[in-house]
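Read-outs: derived from the displayed coordinates by stated rules, not from any lab. Please read these numbers as outputs of a predicted model, since none were measured by experiment. Here Cβ is always computed from backbone atoms with ideal geometry, including for glycine, and neighbour counts include all displayed protein chains.
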Amino acid sequence: MAEFTMDLNDDQKQVRDWIHGFAADVIRPAAAEWDEREETPWPVIQEAAKVGIYSLDFYAQQFFDPTGLGIPMAMEELFWGDAGIALSIVGTGLAAIGVVANGTEEQIGTWIPQMYGTPDDVKVAAFCSSEPDAGSDVGAMRTRAVYDRATDEWVLNGTKTWATNGGIANVHIVVAVVDPELGTKGHASFIVPPNTKGLSQGQKFKKHGIRASHTAEVVLEDVRIPGSCLLGGKEKLDERLARAHERAKAGGGERVKNAAMATFEASRPAVGAMAVGTARAAYEVALDYAKTRTQFGRPIIDNQGVAFQLADMRTSIDAARLLVWRASWMAVAGKPFTSAEGSMSKLFASETAKKVTAQAVQILGGNGFTREYPVERMHRDSAIYTIFEGTSEIQRLVIARTLSGMPIR
């Protein structure tokens, strides 16, 4: 187990500088255009694939960094470039991780390559979990998956929403209810192959921010998929459901629920790192502007009102990064989040991004309110961090429950 450290080793620094260079040279110059177009930036994704950033191998290498800092470091640099384009690049990773975490070796080998395609023919994948009435409340999920023994097929019906790459993906990973009696423990994940009949794109959302990332509803109408598309296989599912029923009868359901919560906790620092990247980008623009913008015969940074804001911005960014790195290291080191450190990192980093980007707009004044400067876009993008992967309210609820041991509602 690696000791926690803030000092990156030479290999990590090389990877960080490589990603930063791609973000500066490829992502940033394209950011404003794709934000205005509100379309998936396929050329940028293709460039990322050509250099090796858009690939499962890249994310696997960062994920298995023994210090735990590979993923947050990569996320911060990509999202420093632009949140919308970065989310288009990393969005497939969520679906891929779902397959790697729950699938068989055969499923991993078959479907992961189809999620990414090739540098000359890039593809994307979508992870579909949220529903119109089931966002934070995953127990309200209604999409059903019913097994047809006669044909060895699963039949899926329902509507998913807020799906990154939904409808345009080559492969969709869909979470559905297989045993309603078990609540959240009666869910399973399914692979929906390319061109499967019955799957269609519903509403494409016109968003406040991250507009270069495609977000849409996914409609499933009698979608039939082979039995082999159940992640992990039916035998494993039947065993898991049987154990869940036994625990429910024995009154042990809460223990299973907490184990699932621990999994969500471990994924949240990556979102915190995205927020840190956006906050850092806005801070750097504001700092440069304050040094060069003159009013009353001197740079505006000479005024305490501006200088103190920048001091607070940088302090909050560094504090957010510390929380994210601590939680990322704890997850890799196998240390339990006894104080909900994963949620702490996501909560603080998300709120920091919103505050810092707003301060950047204020420092730039009227210029900050226009699309001539990137802080306007960064401020819009930052709003998503307190919403997706668990709202700030949910993070506070998780932290409060963890600290108190009480079922706070």
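How large is ³J(HN,Hα) for each residue in segment 231-238, as worked out from phi by the Karplus curve 6.51 cos²θ - 1.76 cosθ + 1.60 (θ = phi - 60°), to whole Hz, x for Gly and Pro?
4, x, x, 6, 4, 5, 5, 4
With every atom except the alpha carbons ignored, what do you get for Rg and Dmax of segment 68-153, in angstroms?
Here Rg and the maximum Cα pair distance are 16.4, 52 Å.
Rounded, prolate or oblate: which fits segment 82-210, taking a ≥ b ≥ c as square roots of the Cα gyration tensor eigenvalues, rounded meaning a/c under 1.5, else prolate when a/b beats b/c?
On the way: a/c = 1.75, a/b = 1.21, b/c = 1.44.
Because a/c hits 1.5 or more and a/b fails to exceed b/c, segment 82-210 counts as oblate.
When the helix-only estimate is applied to the chain (DSSP H runs of n ≥ 4, each -39,500 (n - 2.57), divided by the residue count), what is the mean residue ellipticity at 222 nm, nearest 500 deg cm²/dmol?
Calculated at 222 nm, the ellipticity per residue is -17500 deg cm²/dmol.
In the Gaussian network model of the chain, springs joining C-alpha atoms below 10 Å, which of ASP137, ASP11, ASP152 carries the largest mean-square fluctuation?
For the chain, modelled as a Gaussian network with Cα springs under 10 Å, the answer is ASP11.
Using the alpha carbons of segment 303-409, what is the convex hull volume per residue in cubic angstrom, as a whole number?
Hull volume over Cα atoms, normalised by residue count, gives 115 Å³.
Percent of Cα-Cα pairs more than 16 Å apart in segment 91-136, please.
Numbers: 464 of 1035 pairs.
Value for segment 91-136: 45 percent of Cα pairs lie more than 16 Å apart.
Could you calculate the FRET efficiency of PHE308 with GLU393 from 1/(1 + (r/R0)^6), where r is the beta carbon distance between them and R0 is 35 Å, rounded to 0.05? Mind dumping the intermediate values first?
Values: r = 30 Å, r/R0 = 0.85.
Using R0 = 35 Å, I get an efficiency of 0.75.
Under the Karplus relation 6.51 cos²θ - 1.76 cosθ + 1.60, θ = phi - 60°, what is the ordered set of whole-Hz ³J(HN,Hα) values for segment 194-199, x standing for Gly and Pro?
Karplus values, whole Hz, x for Gly and Pro: x, 6, 6, 5, x, 9.
Which length gain, in nm to one decimal place, applies between ASP17 and ILE168 when the Cα-Cα distance is subtracted from 0.36 nm times their residue separation?
Details: separation 151, 0.36 × 151 = 54.36 nm, distance 3.17 nm.
Here the segment from ASP17 to ILE168 would lengthen by 51.2 nm.
Find the Cα radius of gyration of the chain, compare it with 2.2 N^0.38 Å by division, and give the number to two decimals. Please list the in-between numbers first.
Details: Rg = 22.0 Å, N = 409, 2.2 N^0.38 = 21.6 Å.
Against the empirical 2.2 N^0.38 Å value, I get 1.02 for the chain.
For segment 29-88, divide the Cα radius of gyration by the Kirkwood radius and give the resulting Rg/Rh value with two decimals.
On the way: Rg = 12.5 Å, Rh = 12.3 Å.
Here the Rg-to-Rh quotient is 1.02.
Search the structure for amide H atoms under 5 Å from the amide H of TRP154, placed 1.01 Å from N in the peptide plane, and list their residues when 5 or more places away or on another chain.
It is ASP148, ILE225, GLY227, by chain and number.
Quick check on my link table: of LYS50/LYS335; LYS160/LYS335; LYS123/LYS206; LYS13/LYS291, which ones sit more than 26 Å apart, alpha carbon to alpha carbon?
Details: LYS50/LYS335 37 Å; LYS160/LYS335 34 Å; LYS123/LYS206 22 Å; LYS13/LYS291 28 Å.
Result: LYS50/LYS335; LYS160/LYS335; LYS13/LYS291 exceed 26 Å.
May I ask you to derive the relative contact order of the chain, considering only C-alpha pairs under 8 Å and at least 6 residues apart, and to give it as an integer percent? Intermediate results must be reported in sequence, preceding the final value.
Working: 723 pairs, mean separation 66.8, N = 409.
Once divided by the residue count of the chain, the mean separation gives 16 percent.
Scan around HIS187 for amide H atoms under 5 Å from its own, H built in the peptide plane at 1.01 Å from N, and keep only partners 5 or more places away or cross-chain.
Residues meeting the amide H criterion: VAL178.
Just tell me which lysines come within less than 21 Å, Cα to Cα, of LYS249; anything on the same chain fewer than 8 places away is out.
List returned: LYS185, LYS236, LYS257.
Quick one: Karplus J couplings for segment 32-46, per residue in order, coefficients 6.51, -1.76, 1.60, θ = phi - 60°, nearest Hz, x for Gly and Pro?
So the J values, rounded to whole Hz, are 5, 4, 6, 5, 5, 6, 6, 10, 5, x, 4, x, 6, 4, 5.
Students often forget the sequence filter, so: which aspartates and glutamates lie under 16 Å Cα-Cα from LYS204 once same-chain residues fewer than 8 apart are removed?
ASP35, GLU36, GLU38, GLU39, GLU131, GLU217
Can you list residues from other chains, or at least 5 along the same chain, whose modelled amide H is less than 5 Å from the amide H of CYS128?
Distant-sequence amide H within range of CYS128: ILE173, VAL174, VAL175.
At a Förster distance of 22 Å, what's the computed FRET efficiency of LYS197 paired with GLN114, Cβ-Cβ distance as r, to 0.05?
Numbers: r = 18 Å, r/R0 = 0.80.
FRET efficiency, LYS197 to GLN114: 0.80.
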